[in-house]
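See structure below.
Computed from the coordinates by the stated procedures, all read-outs in this text should not be read as laboratory data. Everything quoted here is computed from the prediction, not taken from an experiment. Cβ atoms come from the backbone with ideal geometry, glycine included; neighbour counts cover every protein chain shown.
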Amino acid sequence: MKKHCSTMSCTLAPVTLSVASTLSNIAGVYNSQGKFKEALENMEKVLEIELKSLGPSHVSVAMTRENIGYVYQKLGNLAQARSCIEEAHAIFVRSLGLVHPNTKKAARSLEQLHQYYGGATVALYYGGQ
């Protein structure tokens with residue numbers, strides 16, 4: 001007899017990138033509603049799927065890590081936000097180069113976090129303009 005589940009994580013079908021896309025959309029809705037913990041939970045599931053499916057250095061993984069960092073920032077966990085965005089930035093640099101818009105955006109976000117912490121300007125270190 002088959003067990004019926006009420007959540008996506010309990011299905012018998014293999015977890016795919018289309019599920020990750022759906023979870024990402026759900027996370028976006030939670031984020032726009034200010035439900036950051038729920039958004040984070042869904043984004044972490046997306047990251048888990050992407051890591052298994054695409055590997056740790058894929059640009060999609062970097063984008064998800066960056067988005068998780070923004071949610072941590074909204075939750076007030078600036079250290080975790082910085083860590084996530086730094087990981088994303090490193091992937092962007094390796095995969096896309098210093099002048100790509102995604103790399104520059106992550107660099108600007110890191111610069112803003114460093115300024116918030118009261119740290120020195122590090123935009124050039126991160127490739128920011």
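From the phi angles alone, apply the Karplus equation (6.51, -1.76, 1.60; θ = phi - 60°) to the range 22-34 and give each ³J(HN,Hα) in whole Hz, x where the residue is Gly or Pro.
Rounded to whole hertz, the list is 5, 4, 5, 5, 4, 4, x, 5, 4, 4, 5, 8, x.
Give the Kirkwood hydrodynamic radius (Å, one decimal) of the range 31-104, defined as one over the mean of 1/r across all pairs of different Cα atoms.
When all Cα pairs of the range 31-104 are included, the Kirkwood radius is 12.4 Å.
Evaluate the distance, in nm, between pseudo-label points positioned 7 Å from the Cα of HIS58 and of HIS100 along their respective Cα→Cβ axes.
Each label point lies 7 Å from its Cα, and together they span 1.4 nm.
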